[in-house]
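Presented below is the structure to which this report refers.
The values are calculated or read from the model by the stated rules, or taken from the named source; none is laboratory data. Because the structure is predicted, anything quoted here is derived from the model rather than measured. Here the Cβ is made from the backbone with ideal geometry for all residues, glycine too, and neighbour counts use every protein chain on show. Ligands, DNA and RNA are excluded from the accessible area calculation, which covers all protein heavy atoms including side chains. Shrake-Rupley method; radii C 1.70, N 1.55, O 1.52, S 1.80 Å.
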Amino acid sequence: MKVPVPCVRLALLLVLAIAVPRLWAQGPPYQTDDPVPVDLHHYEFYIFGGVDGTPAEIDSTGPAFEFNWGAIPRVQLHAILPWGEIAPTNNPVYLPGGTGPSAFGLTDMELGVKIAFIKETKHVPQIGSFTMFEMPTGNDTMGLGVGKVWYKLPIWLQKNEGKWTFDGGGGYQVVPQAGYRDFPYTGWLVKKELSERLELGAEVFAHGREGVATAQTERSAMIDLGGYYHFKNHPGEQFLFCYGHSVAGQTENYAYLGMYWTWGKDDKKTAAGIPFFAGQMNRNGL
């Protein structure tokens, strides 16, 4: 029996609403991001969930809502409103980390600005920053937030070669709170457009010790596999998915499921081809 497409989409949204994780992620559905802002006068919206867990603690996010806006040329404004759950294992092996009761609720809201400042050429990748401010909207006494503003400070690169896209870079996370650590992270991603409706990718992502108040009490390096499914007759709608596991350092699992929509009005100058955006694609290959 053929299941109607609206029923499939509703089921996916229900899965996200009851499922999943605290996302530390960067560029949905991957942990590696890109330096390409949303096009001018265009918008992106995600409903997603995910998980990032270790033997010390499983942190989940979901439902969560992300909104991106191409506010001015080369600049994207970004916001995420997430609910999530923490589930410490209370295993004495990981003391003083991984202890305490489980909790669910609103976690720290994310605000950010992506700026592209070097355009891609034949021999030079596009380069940009994506500074993010994590606002203390979660209850830190329950472990659902940090209790102070904290920051993500990455630089990302992108190079396109036919149907292949290469993203990479890294940054530093600054968390000025007891029980947390400042630490570096890096990610490198390769994606390929297999058809008009399917793109797949693989990444290597690594981070330093994040502190005893987090699930990621030690360093870890991961390999993640994921992709995008473009719905037929709905060019601005996609299903995003990713799963990964550690290959070095602390055991860690990562997963992401989400629905994505994009829309907007093309500016005449943009449509005519402002040099900076000529030949560029947005993060999901549209």
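Values as computed for the structure displayed
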| quantity | calculated |
| --- | --- |
| Cβ-Cβ FRET estimate between R197 and Y172, R0 fixed at 45 Å, reported to 0.05 | 0.75 |
| Estimated translational D of the stretch 69-124 in µm²/s (Stokes, Kirkwood radius over Cα pairs; 10 °C; 1.306 mPa s) | 104 |
| Residue list for the stretch 185-200, given a label point 7 angstrom along the Cα-to-Cβ vector of K159 and an amide N cut-off under 13 Å | 189-190 |
| Carbon and sulfur %, accessible surface of the stretch 24-106 computed with the full protein complex present, 1.4 Å | 69 |
| Solvent exposure of the stretch 33-73 as accessible area per residue, Å², 1.4 Å probe | 27 |
| Label-reachable residues, the stretch 145-174, where backbone N falls under 12 Å from a point 7 Å from V124's Cα toward its Cβ | none |
| Distance (nanometres) between label positions extended 7 Å along Cα→Cβ at K148 and H234 | 4.4 |
| From phi via Karplus (6.51, -1.76, 1.60), per-residue ³J(HN,Hα) for the stretch 158-173 in Hz, x at Gly/Pro | 8, 9, 10, 9, x, 8, 9, 10, 10, 10, x, x, x, x, 9, 9 |
| D140/H245 FRET efficiency (R0 22 Å; Cβ-Cβ; nearest 0.05) | 0.15 |
| Extension gain, A71 back to W263 (0.36 nm per residue minus Cα-Cα distance, nm) | 67.8 nm |
| Solvent exposure of the stretch 81-124 as accessible area per residue, Å², 1.4 Å probe | 56 |
| Where only alpha carbons of the stretch 14-144 are counted, the Rg and the Dmax (Å) | 17.1, 54 |
| Magnitude of the charge dipole, the stretch 152-256, Cβ model with Lys/Arg +1 and Asp/Glu -1, debye to 20 | 60 |
| Accessible area expressed per residue, the stretch 132-201, with surrounding protein chains retained (probe 1.4 Å, Å²) | 50 |
